[in-house]
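Structure in structure tokens, see below.
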């Protein structure tokens, strides 16, 4: 339960604004998970637009409320589309959410991520803690040698109560350096805009067992930021996703089902997100 009355008000106000606005969320995302991302955006109250052809992107971004860039399945054409979209988004003041999938694994992903964050202003960067640390290393915030494990978090990086403060400081410093909001997701999630840093201890360990849970999260971060402010919007998105995951797991256990059913229930409970649930069932701490 959230005990901070001001934070309760901000979360309630943000969710109300998001659902009222129905933000048009333009996603350049992983083709492996594109259907789930579109359904997640619809479930949270947004309107998905999944355009990728560079020839139409200037028009699309101009009318969008948010742009989500997910580098999960890169191609030369997609990289071109990402740059075209990011340029227009900065010109029009459209929020950009970056999901740097697998950064730290290959030079192409490192170069693509660095190019985006150095040349365009990101509103929110959302990744697992290994990806966030890889960016922190690439930008000089930390100098330790982190090795990412594909698109999954490195076991040595997993956020725990013991390393929560240290990881929170890294994320805060990265957010401050890049003038953005950073969300590192894991067993405990950490969110910071360089000033306020929040730990979120919700979610379920079945969430990483379905393809696309991270991509879905980044997409709904786009919708929520497009309908609210960067910090509050990102917070609403991670709370909604985590609580949907908890409820989906409870339903799966109740019916003795598996990950396929979990995936469906996750979308169901995203659709049923309400302010009372976010306030009463969330477990957060200001670091």
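Take the residues in segment 18-35 that are in contact with a helix residue (DSSP H, G or I) (Cβ under 6 Å, 6 or more places away or on another chain) and farther than 13 Å from residue 51 by Cα; name whichever of them is surrounded by the fewest Cβ atoms within 10 Å (Cβ to Cβ).
21
If residue 163 satisfies every condition in (1) touching a strand residue (DSSP E or B) at 6+ places or on another chain (Cβ under 6 Å); (2) modelled with pLDDT under 95; (3) closer than 22 Å to residue 196 by Cβ but one, which is the exception?
Condition not satisfied by residue 163: (1).
For the structure I just gave you, tell me whether residue 71 is touching a helix residue (DSSP H, G or I) at 6+ places or on another chain (Cβ under 7 Å), touching a residue at least 24 places away in the same chain (Cβ under 8 Å) and under 19 Å from residue 119 (Cβ atoms).
yes
For residue 244, are the conditions met, namely being surrounded by fewer than 19 Cβ atoms within 10 Å (Cβ to Cβ) and out of contact with any strand residue (DSSP E or B) (no Cβ under 9 Å at 6 or more places or on another chain)?
no
Another question, if that's okay. Could you identify the single residue in 27, 37 that is part of a strand (DSSP E or B), closer than 30 Å to residue 271 by Cβ and modelled with pLDDT of 95 or more?
Residue meeting the stated conditions: 27.
While we're here: Does residue 140 qualify as being modelled with pLDDT of 90 or more, surrounded by fewer than 23 Cβ atoms within 10 Å (Cβ to Cβ) and not in a helix (DSSP H, G or I)? Steps first, please.
On the way: modelled with pLDDT of 90 or more: yes; surrounded by fewer than 23 Cβ atoms within 10 Å (Cβ to Cβ): yes; not in a helix (DSSP H, G or I): yes.
In short, yes.
(1) assigned to a helix (DSSP H, G or I); (2) at pLDDT 95 or above; (3) over 24 Å from residue 138 (Cβ atoms): which one isn't true of residue 279, the others all being true?
(2)
Now, a different point. So is residue 15 closer than 20 Å to residue 269 by Cα, at pLDDT 90 or above and surrounded by fewer than 21 Cβ atoms within 10 Å (Cβ to Cβ) or not?
Answer is no for this residue.
Now for a separate question. Across segment 261-285, which residue is nearest to residue 160 (Cα to Cα) among those that are touching a strand residue (DSSP E or B) at 6+ places or on another chain (Cβ under 8 Å) and crowded, with 17+ Cβ neighbours inside 10 Å? Full working, then the answer.
Filtering segment 261-285 for residues touching a strand residue (DSSP E or B) at 6+ places or on another chain (Cβ under 8 Å) gives 282-285.
Restricting the remaining residues to those that are crowded, with 17+ Cβ neighbours inside 10 Å gives 282, 284.
Details: 282: 18, 284: 14 Å.
Only one residue fits best here, namely 284.
Among the residues of segment 116-129, is any within 24 Å of residue 285 (Cβ to Cβ), at pLDDT below 95 and either assigned to a loop (DSSP other than H, G, I, E, B) or touching a strand residue (DSSP E or B) at 6+ places or on another chain (Cβ under 8 Å) (or both)?
Yes: segment 116-129 contains one or more residues that are within 24 Å of residue 285 (Cβ to Cβ), at pLDDT below 95 and either assigned to a loop (DSSP other than H, G, I, E, B) or touching a strand residue (DSSP E or B) at 6+ places or on another chain (Cβ under 8 Å) (or both).
Then there is this: Could you tell me whether any residue of segment 247-260 is under 26 Å from residue 26 (Cα atoms), crowded, with 19+ Cβ neighbours inside 10 Å and modelled with pLDDT of 95 or more?
no
Of the residues in segment 166-206, how many are out of contact with any strand residue (DSSP E or B) (no Cβ under 9 Å at 6 or more places or on another chain), under 21 Å from residue 2 (Cβ atoms) and modelled with pLDDT of 95 or more?
The total comes to 2.
For segment 89-113, name all the residues that are under 14 Å from residue 27 (Cα atoms) and assigned to a helix (DSSP H, G or I).
The one that is under 14 Å from residue 27 (Cα atoms) and assigned to a helix (DSSP H, G or I): 89.
What about residue 89, is it buried (at least 21 other Cβ atoms within 10 Å of the Cβ) and closer than 13 Å to residue 217 by Cα? So that I can check it myself, show each step before the final result.
Numbers: buried (at least 21 other Cβ atoms within 10 Å of the Cβ): yes; closer than 13 Å to residue 217 by Cα: no.
In short, no.
The conditions are (1) within 12 Å of the chain's Cα centre (by Cα); (2) at positive phi, and residue 179 fails exactly one of them. Which is it?
(1)
The values are calculated or read from the model by the stated rules, or taken from the named source; none is laboratory data. Note that the structure is a prediction, hence the values are computed from the model and not measured. Because the Cβ atoms are built from the backbone with ideal geometry, glycine has one as well, and the counts that use them run over all protein chains shown.
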